[in-house]
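J.: Take a look at the following structure, please.
The values are calculated or read from the model by the stated rules, or taken from the named source; none is laboratory data. None of these values were measured; they are calculated from a predicted model. As a convention, Cβ positions derive from the backbone with ideal geometry for all residues, glycine included, and neighbour counts pool all protein chains shown.
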Amino acid sequence: MPSYTYPVARPTGTLSTEQIHLLLSNPALIARRVAELTDQRFISDYLLANRYTAEGGGIFYETGEQIFPADASESVGPNGEYPKTVLTTGELAAAKTDKRGLETDITDEKIKQAGQVTVNRALTKLVNGVVRDVDAIAMAVIASKVTDTFASSAWTTVANVVTALAAAKANREDLALGLDLDTVALSGAQWAKVMGLFASAGVLPREGNGNPLVNGSFPQNLLGYTWVTSPHIVGSDPMLVDRVQLGGMADEDLGSPDYVRAGEFNVETYSNRNKTDSYTVRARRVTVPVVLEPHAGLKITGTGL
């Protein structure tokens, strides 16, 4: 009698033509692959760290809400009454979700000729397009809401960088809003210049795994701050933010029966077999960036980066 192994071992290496057709016929597997491709890709979700659920095409939220009560606490004696305070609220605002997506066709001929590479390239391009466009919208919203600036000396020495960041951080703390700005967001060119400065000054970790120039991983924790970069960060000024209070991304589930959502960034996928000897694969995200506290960010000017 034949012997059976359970569970069946997952395919390894290059998929055969038959396995590729099975993959494209399984939306759940496509969604899982897209989730892997989007992992840690959205700079918007990193800077806007909170997660909200949108309903009915949008979300209502309060912006500029104070985190401290309007009244001071008082000494309370045994069996005494506690003072009551009325909690203040922020300004009511609304944001409308935007459905952004792309689709492409994968033909049987391409599957036969190029194999798994065809599927990988198609999904990667779809993901790249969704990430690029969602991030571009979110960064534009952040740039329009975060208008506070802090003048710095040119970032030509590590001392200038540390002094500027510490002073900018103290500037926000003086507002008594409970802000803790600890994340520095830079464009790719700016990040390269700063890391080059750190490398020449010998402040980067010597071991390979901890050196961002060696491992290329983001974010990086250096000098007491978290440093992040993305090709979708634009502008001439680095930004210092409090990710916890800056805001979040509000995603909406449309309940579409033909879509599968996978991963923490709520990217949905669709895969369908066509009568034209091809498959249509699609990726989309229904979301809107929400900036709750504009003071939770500062643009640092005068760095010369």
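J.: Look through region 249-305, keep the residues that are free of Cβ contacts under 8 Å to residues at least 24 places away in the same chain and under 16 Å from A28 (Cβ atoms), and return whichever of them is surrounded by the most Cβ atoms within 10 Å (Cβ to Cβ).
T.: Among residues in region 249-305 that are free of Cβ contacts under 8 Å to residues at least 24 places away in the same chain and under 16 Å from A28 (Cβ atoms), the one surrounded by the most Cβ atoms within 10 Å (Cβ to Cβ) is N266.
J.: Please find, within region 199-232, the residue that is modelled with the lowest pLDDT out of those that are surrounded by 20 or more Cβ atoms within 10 Å (Cβ to Cβ) and over 30 Å from E62 (Cα atoms).
T.: Taking the candidates together, the pick is P212.
J.: (1) crowded, with 16+ Cβ neighbours inside 10 Å; (2) out of contact with any helix residue (DSSP H, G or I) (no Cβ under 6 Å at 6 or more places or on another chain): which one isn't true of T183, the others all being true?
T.: (2)
J.: Additional query: Among the residues of region 294-305, what is the count of those that are modelled with pLDDT of 90 or more, in contact with a strand residue (DSSP E or B) (Cβ under 9 Å, 6 or more places away or on another chain), of a type outside the set (G, A, S) and assigned to a loop (DSSP other than H, G, I, E, B)?
T.: Residues flagged as modelled with pLDDT of 90 or more, in contact with a strand residue (DSSP E or B) (Cβ under 9 Å, 6 or more places away or on another chain), of a type outside the set (G, A, S) and assigned to a loop (DSSP other than H, G, I, E, B) within region 294-305 amount to 0.
J.: Report every pair of residues separated by at least 6 positions or lying on different chains whose Cβ atoms are under 7 Å apart, first residue within region 116-138 and under 18 Å from E252 (Cα atoms), second of a type outside the set (D, E) and part of a helix (DSSP H, G or I).
T.: Close Cβ pairs satisfying both conditions: V131/T38; V134/S44; D135/I43; D135/S44; A138/S44.
J.: Related question: I want to confirm something. Restricting to region 103-138 and keeping residues that are closer than 19 Å to R261 by Cα and of a type in the set (V, I, T), which single residue is surrounded by the most Cβ atoms within 10 Å (Cβ to Cβ)?
T.: So, considering only residues that are closer than 19 Å to R261 by Cα and of a type in the set (V, I, T), the one surrounded by the most Cβ atoms within 10 Å (Cβ to Cβ) is V134.
J.: Then there's this: With the requirement that a residue be under 27 Å from N272 (Cβ atoms), of a type in the set (A, V, I, L, M, F, W, C) and within 14 Å of the chain's Cα centre (by Cα), what does region 119-143 give you?
T.: Narrowing region 119-143 to residues under 27 Å from N272 (Cβ atoms): 119-134.
Next cut, of a type in the set (A, V, I, L, M, F, W, C) only: 119, 122-123, 126-127, 130-131, 134.
Those that are under 27 Å from N272 (Cβ atoms), of a type in the set (A, V, I, L, M, F, W, C) and within 14 Å of the chain's Cα centre (by Cα): V127, V130, V131, V134.
J.: Restricting the search to region 255-272, which residues are in contact with a strand residue (DSSP E or B) (Cβ under 6 Å, 6 or more places away or on another chain) and not in a loop (DSSP other than H, G, I, E, B)? Spell out the reasoning first.
T.: Within region 255-272, the subset in contact with a strand residue (DSSP E or B) (Cβ under 6 Å, 6 or more places away or on another chain) is 258-261, 266-272.
V260, R261, V267, E268, T269, Y270, S271, N272, listed by residue number.
J.: Could you check region 136-158 and list, in sequence order, the residues that are outside any loop (DSSP other than H, G, I, E, B), in contact with a strand residue (DSSP E or B) (Cβ under 9 Å, 6 or more places away or on another chain) and not charged (D, E, K, R)?
T.: Of everything in region 136-158, those that are outside any loop (DSSP other than H, G, I, E, B), in contact with a strand residue (DSSP E or B) (Cβ under 9 Å, 6 or more places away or on another chain) and not charged (D, E, K, R) turn out to be I137, A138, M139, A140, V141, I142, A143, S144, T149, F150, A151.
J.: Are any of the residues in region 59-80 closer than 19 Å to V130 by Cα, in contact with a helix residue (DSSP H, G or I) (Cβ under 9 Å, 6 or more places away or on another chain) and either at pLDDT below 75 or not in a loop (DSSP other than H, G, I, E, B) (or both)?
T.: no
J.: Of (1) surrounded by 19 or more Cβ atoms within 10 Å (Cβ to Cβ); (2) in contact with a Ser or Thr (Cβ under 8 Å, 6 or more places away or on another chain); (3) in contact (Cβ under 8 Å) with a residue 60 or more places away in the chain; (4) farther than 21 Å from F60 by Cα, G235 satisfies all except one. Which?
T.: (1)
J.: Would it be correct to say that G178 is under 27 Å from V288 (Cα atoms), modelled with pLDDT under 85 and touching a Phe, Trp or Tyr at 6+ places or on another chain (Cβ under 8 Å)?
T.: Working: under 27 Å from V288 (Cα atoms): yes; modelled with pLDDT under 85: yes; touching a Phe, Trp or Tyr at 6+ places or on another chain (Cβ under 8 Å): yes.
Here the answer is yes, as G178 does meet what is asked.
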